[in-house]
Amino acid sequence: MTSIDVRQVGPPRLTAGLERGDRLDWGAHRRLHPDPHPLTAEQLIALATEGRLHGRGGAAFPFARKTRAVVDSAVKRRRRTVVVVNGTEGEPGSLKDKVLLCRAPHLILDGAVLAATALGAREIVVAVTDATAAASVRLAITERDLDSRARVVVLAERFITGEGGALVRGINGRRPIPPGRKVRAATRGVDGLPTLLSNAETFAQLAVLAGRGPRDYGRIGTPDEPGTVLLTITGSARFPAVVETPAGAPLAHLLDLCGARAGEGVLVGGYHGAWLSGETATRTRMSRAGLAESGGTLGAGIVMPLGRGTCPLGECARVARYLAAESAGQCGPCRLGLPDVAGAFAALAAGRDGAAAQDAIRRAVRMAVGRGACGHPDGTARFVLSALEVFADDVAAHVARGGCGRPVLGVLPAETEAQLRLEVDWSRCDGHGLCADILRGTVRMDEYNYPVIPDEPIPARLEADARRAVAMCPELALRLVPRTPHEAQRRQLGR
């Protein structure tokens, strides 16, 4: 099972019994959590409405409204429904759903079964990317004799895999990338059926809400956000942990619990979230409303303090490069805009013509926002722009002095699967520009009409194009070479 610590503020609910790190089997689970009584669809919607249950996967969409949309679509189309548990958790900084899937799978299944029974669903699908989580859920399905009603689907671990449209495509046997046009799962999801899709924690919260009832469920938290929230606190924390806390708890207290300080900045909501300055973070409360008031977002419950020993811009440049590599690459903002953002941020972090690089970042962001096939460009833009604002002093130092003098320690996880990089034999290159035509947005031509080759590895999705560029180079000047461990370490340390 996943080895990350579980910590609790106040009486535990989702994490009850998880203090020792053991997986709760069917018997242990039932001793802690009552069996929710079956509900009709209308009763389920009323329960979620009274309990003010919102999705915990990032979008925070009201669960009752999502359920109502599925019911209405099923009635209108006269079709059966499907319930999907999104346990993919593609965010590098998130482990909360994995903890539930590995240690408390029955709580998630309680909520999924409750919803499936209310909707008369044909089946329950639990989508994951982690082999340990898959094994835990499969065992739970067998433990409670749900093999005829539920199944587990294992998808590739990518940042974009958990996007709703990508997830449905993956379950349907297609490549798990956003479909490029908005198709609501509630209308046409798995196998074309109306689908109730929500993340693992949401179904666990539904089970707790049904077991306790809205009044008891709301005894902790805030009036508008009753109950608890599950957070993953990592970054520079000395004791990284998944923390269950009543909504509205002070962020400063939660950081202290994990041996962390706000420092120069705290990233909240993950890589599609936003940075809070250290001063702002110390007076922020962990709820949707509290974070919105501070300029942040709860997102998938990710909290990553940066600390003081690393270069903030270098850390953000690594993340920007990761986000560009993790896109589906199927629209202009992702294929062209995000590499431009990543390249300009890398130039700023390295102190190469910082003023021009800062302008280039903002220009590339303007070209990407609101134009993507999914929310990935907008989320990346939010991360980048908040970094420029919160780390304004560091930006000024990099512009004026070429850097802040600190190394890049790799506090933020940002590794990609990319293992190949492009290399040019300059004694052969004649500047034909064919490589730039094939790899638009990755390779560009400089003012002397010679290619500018990125230092970072080629994203896995572009390897086929990179091989074609190598094969078609008229002077045989271009080649693909493996990224070595020494190169990866050197880039991480900013040397």
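Here are some notes:
- Within region 179-203, being crowded, with 22+ Cβ neighbours inside 10 Å and either over 19 Å from the mean Cα position of the chain (by Cα) or not in a helix (DSSP H, G or I) (or both) holds for Ala185, Ala186, Gly189, Val190, Pro194, Thr195, Leu196, Leu197, Ser198, Asn199.
- Among helices (runs of 4 or more DSSP H) entirely within region 375-460, having at least 2 residues that are over 31 Å from the mean Cα position of the chain (by Cα) and closer than 26 Å to Leu336 by Cβ singles out 434-438.
- Residue check for Glu89: open to solvent by 20 Å² or more (accessible area, probe 1.4 Å), within 26 Å of Gly21 (Cα to Cα) and acidic (Asp, Glu): yes
- Residue within region 102-121 that is touching an Asp or Glu at 6+ places or on another chain (Cβ under 6 Å) and either modelled with pLDDT of 95 or more or not basic (Lys, Arg) (or both) present: no
- Scanning region 376-404 for residues that are in contact (Cβ under 8 Å) with a residue 24 or more places away in the chain and farther than 23 Å from Gly270 by Cα returns His398, Val399, Ala400, Arg401, Gly402, Gly403, Cys404.
- Within region 209-223, tally of residues that are open to solvent by 10 Å² or more (accessible area, probe 1.4 Å) and either part of a loop (DSSP other than H, G, I, E, B) or hydrophobic (A, V, I, L, M, F, W, C) (or both): 6
- Residues in region 344-395 that are modelled with pLDDT of 95 or more, aliphatic (A, V, I, L, M) and surrounded by fewer than 23 Cβ atoms within 10 Å (Cβ to Cβ): Leu385, Leu388, Ala392.
- Of the residues making up region 104-113, not a single one is closer than 19 Å to Val183 by Cα and open to solvent by less than 30 Å² (accessible area, probe 1.4 Å).
- If the condition is being of a type in the set (A, V, I, L, M, F, W, C) and farther than 15 Å from Val190 by Cβ, then region 91-127 contributes Leu95, Val99, Leu100, Leu101, Cys102, Ala104, Leu107, Ile108, Leu109, Val113, Leu114, Ala118.
- Lone qualifier among Glu456, Glu415 - being modelled with pLDDT under 85, out of contact with any helix residue (DSSP H, G or I) (no Cβ under 7 Å at 6 or more places or on another chain) and open to solvent by 40 Å² or more (accessible area, probe 1.4 Å): Glu415
- Subset of region 1-44 (residues that are open to solvent by 40 Å² or more (accessible area, probe 1.4 Å), under 20 Å from Ala112 (Cα atoms) and part of a loop (DSSP other than H, G, I, E, B)): Arg23, Asp25, Pro34, Asp35, His37, Pro38, Leu39, Thr40
- Filter result (part of a helix (DSSP H, G or I) and open to solvent by 40 Å² or more (accessible area, probe 1.4 Å)) within region 45-59: Ala46, Thr49, Glu50
The values are calculated or read from the model by the stated rules, or taken from the named source; none is laboratory data. On a predicted model such as this, the values are computed, not experimentally measured, just so you know. A quick note on method: Cβ atoms are made from the backbone with ideal geometry, for glycine too, and the neighbour counts reach across all protein chains shown. The area values use the complete protein model at the heavy-atom level, side chains included, leaving out ligands, DNA and RNA. Shrake-Rupley method; radii C 1.70, N 1.55, O 1.52, S 1.80 Å.
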